[in-house]
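Values quoted throughout were computed directly from the atomic coordinates according to the rules given, and no laboratory measurement underlies them. Bear in mind that the values here come from a model prediction, so they are computed numbers and not experimental data. With ideal geometry, Cβ positions are generated from the backbone for all residues, glycine too; neighbour counts draw on all protein chains shown.
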Amino acid sequence: MPRGDKSSYTKKQKRQARHIEAGYEKRGTSKKEAERRAWATVNAETHGGKKSGSGRGRKTSKAPSRKGGRLGGKAAARRPAAARSASAKKAAATRKRRGH
């Protein structure tokens with residue numbers, strides 16, 4: 001089986017990867033990098049392909065997804081309160097202007 005072959009993954013795993021990839025792309029990550037990160041996350045959560053003959057039966061873990069969420073914000077936390085507030089106000093104004 002060549003590298004990158006997704007035939008040993010279930011439909012659910014492929015769907016999970018698509019959703020994770022879409023989230024990364026929405027945040028500005030390139031298509032190729034988003035796909036790489038998505039499959040890395042699916043592999044970390046589900047321990048690789050789940051179709052028969054590929055070592056089925058391992059439990060899934062949501063820790064990799066949670067870890068990514070927790071890591072975010074560390075840089076912002078180091079910034080002064082005034083700088084964070086200014087950024088938040090600017091973002092709110094942009095959202096309001098765009099109608100979100």
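Since only A38, A91, G68 are under comparison, the one whose Cα sits farthest along the positive direction of the charge dipole of the stretch 11-100, derived from C-beta charges on Lys, Arg, Asp and Glu, is A91. Pairs with C-alpha atoms separated by more than 19 Å, drawn from the list K31/K90; K31/K67; K12/K59; K31/K62; K14/K51; K26/K50, are K31/K90; K31/K67; K31/K62; K26/K50.
Given +1 on the Cβ of Lys and Arg, -1 on the Cβ of Asp and Glu, and no further charges, what dipole in debye does the chain carry about its Cα centre, rounded to the nearest 20? Before the final figure, lay out the partial values.
Details: 32 positive and 6 negative charges, 83 e Å.
It works out to roughly 400 debye.
For the stretch 35-90, the dipole from Cβ point charges (+1 on Lys and Arg, -1 on Asp and Glu) about the Cα centre works out to 180 debye, to the nearest 20. Here is how the number arises for the chain: DSSP H runs of 4 or more residues each give -39500 (n - 2.57), the sum is divided by the residue count, and the result at 222 nm is -20000 deg cm²/dmol.
For the options A63, A22, A76, a Gaussian network treatment of the chain with springs between C-alpha atoms closer than 10 Å singles out A76 as fluctuating the most. Measuring nothing but how far apart in sequence close Cα pairs (under 8 Å, 6+ apart) lie, relative to its length, the chain scores a relative contact order of 22 percent.
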